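The values are calculated or read from the model by the stated rules, or taken from the named source; none is laboratory data. Since the model is a prediction, treat every value here as computed from it, not as a measurement. When we count neighbours, we look across all protein chains shown, and the Cβ atoms used for this are built from the backbone with ideal geometry, even at glycine.
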Amino acid sequence: MNMNLSYSKYLLGMAIITGLATVSCSKSDNTTAEAAKPTVAAASEPEEKILNIYNWSDYIAPDTIANFEKETGIKVRYDVFDSNEILHAKLIAKNTGYDIVVPGSNWAKLQIDGGLFQKLDKSKLPNWKNLDPGILKQMAELDPGNTYLIDWMWSYNTVGINVDKVKAALGDTPMPDNAWDLVFNPTYTSKLKSCGITFLDTPADVFQAALHYLGKPVYTGTPEDYQAAFDMLMKVRPDIKKFNSGGQIDDLASGNICVAYGWAGDFNLAHKRSIENKAEQHIEALVPKTGGLMFMDTMAIPADAKHPNNAHLWMNYIMQPKVTAAITNTVTYANPNKAATEFVDEDIKNNKSIFLSDEDIAKLVPPGVEDAKTKRNMTRLYTKFKSGV
Ligand code: N2P
């Protein structure tokens, strides 16, 4: 995606977030988010056979939609995005036209609080029984009672590398003990610059990882913590070639870059894609010994969705073990469906950077969310960081 375009969309999103904070606080106004919350009663009205979905790019199996259409006679329109900020901006502007959206659970919390989603009607979701109770518990931290959200897939922010290119660029310097050094320590980035370093292109993703690397609170840091993260980031800024999110899969798969700060699932997918494309790059998602940043991308139904009943049919369809397993087998992301595990390919099931060991899961930083003031500060610092001045 074009960097400037994606960033201007981001700024639009941030401007609107500020607006959201204002709306959610004005409780006396009858246009408040609370008053706008629809009931699920609308879901029982007859609906046209259409379902509009907005999901992350590279996040579905080739036959997921076709099989749903065959099974239900519902026609799916499917659009993709690659940052929470873009989705958030659309949700706040209302009338998205979507019946299913897939925000990260931390952003979804803001959206729930802003009245942007409708409650799930669990009587329409018998396949709920297949979900992993551990994941549901984790989700309930941000969505109490699992009222609005169903996890689609989950993974963590980490460092991905092209193993051979990184070894060659590091020369005599051994791999660091802590994988985060590869993107935040100038000793390594100054060498890896030669084969190309890329970062995710959002303030939140970049500052969360930087704060984690510095051992500071990831979501609740002080302004001084953010300044320290900024100072640290500026030292590696000259070594970063690109800022992109959805484009990392192809950049890694083609050998265009050798190190990425991004999503573990996309790194495994880049490896798979390079084999499919006969580019044969050995790409790995590293599991930092200090832990990665966990995220869960979650299905939700916008408050003004026109086809909530079809949305429930979709959710229930996705929760079938074989349907979920096919998605995991395609995109190399872990899923929330316990009953799906037996249908997941052995090499994916045994890949310890996809299905993490209990010990590595315990080290993950759980999803969280910054307050509006912190988000504004991050945006300001990120703009400076990215422009490099
Ligand atoms: C899918 C990327 C989604 C991960 N390719 C970030 N939420």
#### Entry: the stretch 155-183: number of residues that are under 22 Å from Lys109 (Cβ atoms), surrounded by fewer than 23 Cβ atoms within 10 Å (Cβ to Cβ) and of a type outside the set (S, T, N, Q)
0
### Task
Look through Pro186, Pro203 and report the one residue that is surrounded by fewer than 20 Cβ atoms within 10 Å (Cβ to Cβ) and in contact with a Lys or Arg (Cβ under 9 Å, 6 or more places away or on another chain).
Pro186
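With the condition being among the polar types (S, T, N, Q), I'd like the helices (runs of 4 or more DSSP H) fully within the stretch 129-205 carrying at least 3 qualifying residues. Let's see the steps before the verdict.
Numbers: elements: 133-140, 163-170, 181-184, 186-192.
Of the helices (runs of 4 or more DSSP H) lying wholly inside the stretch 129-205, those with at least 3 residues that are among the polar types (S, T, N, Q) span 186-192.
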### Message
Condition (residue is of a type in the set (A, V, I, L, M), over 13 Å from Ala311 (Cα atoms) and part of a loop (DSSP other than H, G, I, E, B)) applied to the stretch 59-74: is it met by at least one residue?
### Response
yes
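Yes/no per residue for (1) among the small types (Gly, Ala, Ser); (2) surrounded by fewer than 18 Cβ atoms within 10 Å (Cβ to Cβ); (3) at pLDDT 95 or above; (4) not assigned by TED's automatic domain parsing to the domain that holds Glu85:
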site	(1), (2), (3), (4)
Ile301	no, no, yes, no
Pro308	no, no, yes, no
Ile318	no, no, yes, no
Thr324	no, no, yes, no
Lys338	no, yes, yes, no
Asp345	no, yes, yes, no
Ile348	no, no, yes, no
Thr379	no, no, yes, yes
### Task
Tell me, please, whether a residue that is more than 16 Å from the ligand (Cβ to nearest atom) and either out of contact with any helix residue (DSSP H, G or I) (no Cβ under 8 Å at 6 or more places or on another chain) or assigned by TED's automatic domain parsing to the domain that holds Ala334 (or both) can be found in the stretch 260-275.
yes
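Restricting to the stretch 230-259, and then to whatever is part of a loop (DSSP other than H, G, I, E, B) and more than 13 Å from the ligand (Cβ to nearest atom), can you tell me which residue is surrounded by the most Cβ atoms within 10 Å (Cβ to Cβ)? Walk me through how you get there before you give the answer.
Of the residues in the stretch 230-259, the ones part of a loop (DSSP other than H, G, I, E, B) are 240-241, 244-247, 254-258.
If we keep only those that are more than 13 Å from the ligand (Cβ to nearest atom) too, we end up with 240-241, 254-258.
Values: Ile240: 21, Lys241: 18, Ser254: 14, Gly255: 17, Asn256: 17, Ile257: 24, Cys258: 28.
Per the criteria, the residue is Cys258.
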### Task
Exactly one condition in (1) away from the ligand (no atom under 16 Å from the Cβ); (2) in contact (Cβ under 8 Å) with a residue 40 or more places away in the chain is not met by Asp151; state its number.
(1)
